[in-house]
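These notes concern the structure reproduced below.
Any read-out appearing in this document is the output of simple, stated calculations on the displayed coordinates, not a laboratory observation. Source: prediction; values computed, not measured. Reconstructed Cβ throughout: ideal geometry from the backbone, glycine too, with neighbour counts over all protein chains shown.
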Amino acid sequence: MANADLLIGLIKAGASSDATLFRRHVEALIADERSKKHNILADRLVSILQNAPNNVSQARRTLGENGAHSFVLEQTPERPLDMLVLAPETEALCRELITEQHRSDLLKAYGLSPRHKLLVAGPPGNGKTTLAESIAYELAVPLLVVRYENLIGSFLGETGSRLQKVFDYARTQHCVLFFDEFEILGKERGDNRETGEIKRVVGTLLTQIDRLPDYVVTIAASNHPELLDRAAWRRFQLRITLPAPTRNQIARFVESFAEKRRFQFNLASGTIAEKLSGHSFAEVEEFCVDVFRQAILSGKTDHPRELTQLKLRQWQNRAIVKTNSEVNE
């Protein structure tokens, strides 16, 4: 959002004593400052906003006391979008979502609303959760991760009631509401093996998603999108797939890791990518951390080439064991 738009929005919110609108514009200002790498100013604004008393905060506390905190894990996002290795078209869609949220007032002046529902599909370990965190970071809002271990109850109507609390809590603030493994709740209702209770939960879930205001960005991730209810697909305005990384993406990830940690593997990133081909982003990150950790412990941070080669052989053996295990299954 341009500074002029932000200033006008802040003045309007202050003049009308609209605390919710005021917070929304301050959050947009925070995101704007972060995009300019003005992190010190952004952090100060976040601190001021968090310490400011308001009716919305009181509502959040009340809902939290009613049990919502048992069903969501509230996190402060720390990873910006430019740290992720994404396909250009995927990054472009995410940037569109972020820009629409930042400039929602402009869209509404023309009778439009910002998109705020994103479905992310793909195999495990390829950045679905990290993407949700990064979008929350760029929006300068908390990330609310739904906790299924406490949400799903054994009694009739219990899950639906708890789900209601999650959505009620999310509505009290600008946030990213994240459902990992969305197929757990959003399974196809035409499946005759599912009970009536599960079908009621799906109905409640879809109704609540429909009713969310556009300042709540809802992101659902699924390892098995083919299991999702057909009506669930229609709820999401944006749909992207995060496949297993290509060799080029692995090489870029290794280079990004080395730059961030100020550490050199002393082996070409392309060579490392070739050896780690077929691994997920999570596994590639685990490999990089493994080498970095052992280099520190062995005092070989300046010349870790042999250590990197050793770890690559170990990881290739690990991949063979994994493949054999999958075949035996």
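The table that follows gives values for the structure above.
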quantity	calculated
When the convex hull of its Cα atoms is projected in every direction, mean area for the stretch 247-322 (nm²)	4.4 nm²
Spatially proximal aspartates and glutamates relative to Lys108 (Cα-Cα < 14 Å; intrachain offsets below 8 disregarded)	Asp5, Glu100, Asp214
Phi-based couplings in Hz for the stretch 70-86 (Karplus 6.51, -1.76, 1.60; Gly and Pro marked x)	6, 10, 9, 9, 8, 10, 8, x, 10, 10, x, 5, 6, 7, 8, 9, 10
Least to most buried among Glu33, Glu181 (fewest other Cβ within 10 Å first)	Glu181, Glu33
Estimated vicinal HN-Hα couplings, Hz - the stretch 112-119 in sequence order (Karplus 6.51, -1.76, 1.60; Gly, Pro = x)	10, 10, x, 5, 8, 10, 10, 10
Dipole in debye (nearest 20) - the stretch 247-322, about Cα centre, beta carbon charges: Lys, Arg +1; Asp, Glu -1	80 debye
Residue order, fewest to most surrounding Cβ atoms within 10 angstrom, among Lys260, Lys165	Lys260, Lys165
Volume of the Cα convex hull of the stretch 55-241, divided per residue and given in Å³	122 Å³
Cross-link pairs Lys260/Lys300; Lys117/Lys260; Lys36/Lys260; Lys37/Lys128; Lys128/Lys187; Lys37/Lys117 - those with Cα-Cα distance over 21 Å	Lys117/Lys260; Lys37/Lys128; Lys37/Lys117
Neighbour-count order for Glu100, Glu306, Glu149, fewest beta carbons within 10 angstrom listed first	Glu149, Glu306, Glu100
